[in-house]
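Participant: Next up is a structure, given as structure tokens.
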């Protein structure tokens, strides 16, 4: 198992060998996630104190930057886990928060909806794998952003505009990730670094939207749920 975790991965156009700094742009642009997390923390300190779920998302966004940096430098199977796990936590954690905070579902309803989203994501990812490759795993998140954002916007919910904006930026980000390989001959540095920059914007917009809407509070105790 340890040997498998140490197996090198060459997944992106910019990497030309197994050395630590073979992906300088892909590595350095992970600073965008750190900046986004710090900007979100600044907003949280001004407007969201006491909002534990939003603070948790900020910490996960910070972890996304660190994990992705590790992957684009070390570039092994083990390092890839540090990359994909925080991203998955953010996606499903934010979906659960959206069910609770924006649609006002109960805890059980939020959990069931999130499980359903996970199951649908697996099916959609498998069906699109041949078309967009490894980017297929992120298409369900795009569908959720645009779909939920559109629904909320029609109801004049304050989160609708933020989710739609995040979805639009994420669509551009997903394109940049998908064409990294196909355009490698034309763009030797690749386009994956743009995935980092645009995704950092997406994470900030989503967290900022959650902070501005505010948490669900218990009508009995006033505690954040």
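Participant: Only one of these is out of contact with any strand residue (DSSP E or B) (no Cβ under 7 Å at 6 or more places or on another chain), on the phi < 0 side of the Ramachandran plot and exposed (fewer than 14 other Cβ atoms within 10 Å of the Cβ): 66, 25, 45. Name it. Lay out the reasoning, then the answer.
Facilitator: Working: 66 fails: exposed (fewer than 14 other Cβ atoms within 10 Å of the Cβ); 25 fails: exposed (fewer than 14 other Cβ atoms within 10 Å of the Cβ).
Residue meeting the stated conditions: 45.
Participant: With modelled with pLDDT of 95 or more and under 25 Å from residue 155 (Cα atoms) as the only criterion, which of 69, 90, 117 stands out?
Facilitator: Unique residue meeting the criteria: 117.
Participant: Would you point out the residue of the range 1-22, among those that are part of a loop (DSSP other than H, G, I, E, B) and touching a strand residue (DSSP E or B) at 6+ places or on another chain (Cβ under 9 Å), that is nearest to residue 207 (Cα to Cα)? Give the steps one after another, and end with the answer.
Facilitator: From the range 1-22, those part of a loop (DSSP other than H, G, I, E, B) are 1, 6-7, 9-22; that's our starting set.
Adding the requirement that they be touching a strand residue (DSSP E or B) at 6+ places or on another chain (Cβ under 9 Å) leaves 6-7, 9, 18.
Details: 6: 34, 7: 35, 9: 31, 18: 35 Å.
Ranking the candidates gives 9 first.
Every residue, every condition in (1) under 15 Å from residue 199 (Cβ atoms); (2) in contact with a helix residue (DSSP H, G or I) (Cβ under 9 Å, 6 or more places away or on another chain); (3) without any contact (Cβ under 8 Å) to a residue 40 or more places away in the chain, yes or no:
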position	(1), (2), (3)
73	no, yes, no
87	yes, yes, yes
173	yes, yes, yes
184	no, no, no
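Participant: Checking residue 58 against (1) in contact with a helix residue (DSSP H, G or I) (Cβ under 6 Å, 6 or more places away or on another chain); (2) surrounded by fewer than 17 Cβ atoms within 10 Å (Cβ to Cβ); (3) outside any loop (DSSP other than H, G, I, E, B), which single condition isn't satisfied?
Facilitator: (2)
Participant: Still on this model: In this structure, is residue 201 touching a residue at least 60 places away in the same chain (Cβ under 8 Å), part of a loop (DSSP other than H, G, I, E, B) and within 30 Å of residue 73 (Cα to Cα)?
Facilitator: Spelling it out, it is not the case that residue 201 is touching a residue at least 60 places away in the same chain (Cβ under 8 Å), part of a loop (DSSP other than H, G, I, E, B) and within 30 Å of residue 73 (Cα to Cα).
Participant: Kindly indicate the residue of the range 29-52 that is without any contact (Cβ under 8 Å) to a residue 60 or more places away in the chain and assigned to a helix (DSSP H, G or I) and also nearest to residue 176 (Cα to Cα) among those meeting that condition. Show your work before the answer.
Facilitator: First pass over the range 29-52, keeping only residues without any contact (Cβ under 8 Å) to a residue 60 or more places away in the chain: 31, 34, 38, 41-42, 45-46, 49.
Now narrow it down to the ones that are assigned to a helix (DSSP H, G or I): 31, 34, 38, 41-42, 45-46.
Values: 31: 18, 34: 20, 38: 24, 41: 27, 42: 29, 45: 33, 46: 33 Å.
Only one residue tops the list, namely 31.
Per-residue answers, yes or no, for (1) over 17 Å from the mean Cα position of the chain (by Cα); (2) within 19 Å of residue 212 (Cβ to Cβ); (3) assigned to a helix (DSSP H, G or I); (4) touching a residue at least 24 places away in the same chain (Cβ under 8 Å):
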{"site": "96", "(1), (2), (3), (4)": "no, yes, yes, no"}
{"site": "108", "(1), (2), (3), (4)": "yes, no, yes, no"}
{"site": "122", "(1), (2), (3), (4)": "no, no, yes, no"}
{"site": "125", "(1), (2), (3), (4)": "no, no, yes, no"}
{"site": "134", "(1), (2), (3), (4)": "no, no, yes, yes"}
{"site": "141", "(1), (2), (3), (4)": "no, no, yes, yes"}
{"site": "166", "(1), (2), (3), (4)": "no, yes, yes, yes"}
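Participant: Checking residue 77 against (1) modelled with pLDDT of 95 or more; (2) surrounded by fewer than 21 Cβ atoms within 10 Å (Cβ to Cβ), which single condition isn't satisfied?
Facilitator: Just one mismatch for residue 77, condition (1).
Participant: Which members of the range 147-164 meet the condition of being free of Cβ contacts under 8 Å to residues at least 12 places away in the same chain and more than 17 Å from the chain's Cα centre (by Cα)? Break it down into steps so the answer makes sense when it comes.
Facilitator: Kept after step one, since they are free of Cβ contacts under 8 Å to residues at least 12 places away in the same chain, are these residues of the range 147-164: 147, 151, 153-156, 160.
Those that are free of Cβ contacts under 8 Å to residues at least 12 places away in the same chain and more than 17 Å from the chain's Cα centre (by Cα): 151, 153, 154, 155, 156, 160.
Participant: Would you call residue 151 farther than 24 Å from residue 196 by Cα, at pLDDT 95 or above and assigned to a helix (DSSP H, G or I)? Steps first, please.
Facilitator: Details: farther than 24 Å from residue 196 by Cα: yes; at pLDDT 95 or above: yes; assigned to a helix (DSSP H, G or I): yes.
Judged against the criteria, residue 151 is a match.
The values are calculated or read from the model by the stated rules, or taken from the named source; none is laboratory data. Model, not experiment: these values are computed from the prediction. Ideal geometry is used to build each Cβ from the backbone, glycine not excepted, and the neighbour counts take in all protein chains shown.
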